1. Condition first: of a type in the set (Ser, Thr, Tyr), touching a Leu at 6+ places or on another chain (Cβ under 7 Å), surrounded by fewer than 19 Cβ atoms within 10 Å (Cβ to Cβ) and more than 23 Å from residue 307 (Cα to Cα). Can you find one or more residues in region 246-264 that meet it?
2. Does residue 344 satisfy the criteria of being modelled with pLDDT of 95 or more, closer than 17 Å to residue 372 by Cα and touching a Cys at 6+ places or on another chain (Cβ under 9 Å)?
3. Do we find that residue 286 is under 16 Å from the mean Cα position of the chain (by Cα), over 21 Å from residue 188 (Cα atoms) and not β-branched (Val, Ile, Thr) in this structure?
4. Within region 372-397, track down each residue that is surrounded by 13 or more Cβ atoms within 10 Å (Cβ to Cβ) and without any contact (Cβ under 8 Å) to a residue 12 or more places away in the chain.
5. Quick check: is even one residue across region 411-430 in a helix (DSSP H, G or I), on the phi < 0 side of the Ramachandran plot, among the charged types (D, E, K, R) and open to solvent by 20 Å² or more (accessible area, probe 1.4 Å)?
6. With (1) out of contact with any Lys or Arg (no Cβ under 7 Å at 6 or more places or on another chain); (2) open to solvent by less than 50 Å² (accessible area, probe 1.4 Å); (3) among the hydrophobic types (A, V, I, L, M, F, W, C) as the list, and residue 217 as the residue in question, which single condition is left unmet?
7. Going through region 436-461 one residue at a time, which ones are touching a residue at least 40 places away in the same chain (Cβ under 8 Å) and open to solvent by less than 30 Å² (accessible area, probe 1.4 Å)?
8. Only one residue in 351, 309, 326, 341 is outside any helix (DSSP H, G or I), out of contact with any Leu (no Cβ under 8 Å at 6 or more places or on another chain), surrounded by fewer than 18 Cβ atoms within 10 Å (Cβ to Cβ) and touching a residue at least 24 places away in the same chain (Cβ under 8 Å). Which one?
Amino acid sequence: MGARRPASNSGFGRPGMAAWVPSDALDRRLLCGTEYGTVRYVGSVSPTAGIWLGVEWDDPQRGKHDGTYEGTQYFKCRHPKGGSFIRPNKANFGVDFLTAVKDRYALNDERDVQHGTENTLVFGKKTVEFVGMDSIAEQQSQLNQLVDISVRECAVSHAGQKEEISRTCANIRHINLSKNLISSWETVTAIASQVQNLETLNISENKMKFPSTSTSVSGAFSKLRILALNQTEITWAEVLLCAPGWPALEELYLTSNNITVLERPDNVLQTLKLLDLSDNQLLDGNQLHLIAHLPRLEQLILRNTGISSIHFPDAGFGCKTKMFPSLKSLAINDNKISQWSSINELDKLPSLRSLQCHNNPFMDTEKNPETLRQLIIAKISQLEVLNKSEILPAERKGAELDYRKIFGNDWLAAGGNWNPEKNKPSEEFLAAHPRYPSLCLTLTIKCPENPEQKPVEKKLPESMTIQRVKGLLYRLLKIPGSELKLSYESSKLEGKEVELDNDLKPLQFYSIENGDCVLVRW
């Protein structure tokens, strides 16, 4: 059921005084028709008579000037044509929360009730139709059953009478207050403090004032798990000032707030599992280091944040970073990442399983989308989902094999060698391909005919031929290569041996995998 617009100044006006202006009108949010704005001036405008409201519009196309009229500056606007003057009787300063709820769920008009108009209520996930409630007691009963309330675009501007919400809607758990006329965080707190079991709160698209200094922590948000503050103009510093009041918060949405600088969240946001900073132009990738030690953060969404690189300086090639210890899912779509080195860095994240990275310049370096996907998979060892598509084991195996083939000659040219004792690839190669050494097979070498010979572990590339393996074992075991007979055991073969009988075939031909055991006889 659609929302019905409350009357202008409903809940605030004096009888017979349509042009009445609230005493706290300055910096209040208002509606004029369908346009949202903020009051920046209240007073006279020469040479006209009467009171005017100077309004800075959310949509600057609605305005005419920057607050200056006939050479006098009455207020300031961020946009040169974002402001204008309106008469108070054109302004809708909104209604209290409970009035909006009753209006939204058709419980505010006695005539509708008495005439048996059919209405719909949402109780949690259930939609219930009811007909002809003819008493306030029944209305109260229905309101008291509401669990999930949405008053989006219902011109809510204040909490109303103290304790009225808690008396009337005792079972609310989820509230959508987006795109209303809320002007300050104090109003949000006043509403939330009357909702004992509040778990989800969406107050996006409300341009409001937030605390600029530390405030005493109330219990208003003690059970809050999900909070959306998109398009509210909140800064990261203000987030940290409010965060002590969110002791159980798990998901925080902060998109489109012009956040450019982050700070370390000391002793706050420690329960956070999801953080969405999309559509904020962060100064650089180093800003991420400031939030890198949130212990439970599992999902980080950084779409269109302007970052051009990612680096974890605490970990070297092939090592895991201590940053973002629990991060499983990362979205870096629509950014400016141009170097593959940033993708290499993501392999350092110990828990990363899912990545979204569409629309970054580094992806333009490879025209074939399949090859591009293979490269990303090969570079990030633990990845299970790439751009919302699952990575099956066969795809990973193929991607890693092709990666070794594509860069095998580069590895040899950079000092790589089939002989582990001579294998010394350059720092430049390892920087470009830090996973290449780990893509070699780790095999256990055993000599069943010589029990005194201890098993040896060796890393060998899958592309190494059986002939080269025999040459390596000759140097290792001091046995003529021509006399060696090789086979291998695998846990998948239930004790059976597979003979490695073709010297010209590579190890991968025999489907040897990490952890398998090569048996050497002569």
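The values are calculated or read from the model by the stated rules, or taken from the named source; none is laboratory data. This one's a predicted model, so the numbers in the text were calculated from it and none came from an experiment. Don't worry about glycine lacking a Cβ; one is built from the backbone with ideal geometry, like all the others, and counts go over all protein chains shown. Surface areas here come from the heavy atoms of the whole protein model, side chains and all, with no ligands, DNA or RNA. Shrake-Rupley method; radii C 1.70, N 1.55, O 1.52, S 1.80 Å.
1. No, region 246-264 contains no residue that is of a type in the set (Ser, Thr, Tyr), touching a Leu at 6+ places or on another chain (Cβ under 7 Å), surrounded by fewer than 19 Cβ atoms within 10 Å (Cβ to Cβ) and more than 23 Å from residue 307 (Cα to Cα).
2. When the stated conditions are applied, residue 344 does not pass them.
3. Answer is no for this residue.
4. Of everything in region 372-397, those that are surrounded by 13 or more Cβ atoms within 10 Å (Cβ to Cβ) and without any contact (Cβ under 8 Å) to a residue 12 or more places away in the chain turn out to be 372, 397.
5. The answer is yes, given that some residue of region 411-430 is in a helix (DSSP H, G or I), on the phi < 0 side of the Ramachandran plot, among the charged types (D, E, K, R) and open to solvent by 20 Å² or more (accessible area, probe 1.4 Å).
6. Checking residue 217 against (1) out of contact with any Lys or Arg (no Cβ under 7 Å at 6 or more places or on another chain); (2) open to solvent by less than 50 Å² (accessible area, probe 1.4 Å); (3) among the hydrophobic types (A, V, I, L, M, F, W, C), the one that fails is (2).
7. 439, 441, 443, 445, 447, 460, 461
8. Of the residues listed, the single one that is outside any helix (DSSP H, G or I), out of contact with any Leu (no Cβ under 8 Å at 6 or more places or on another chain), surrounded by fewer than 18 Cβ atoms within 10 Å (Cβ to Cβ) and touching a residue at least 24 places away in the same chain (Cβ under 8 Å) is 309.
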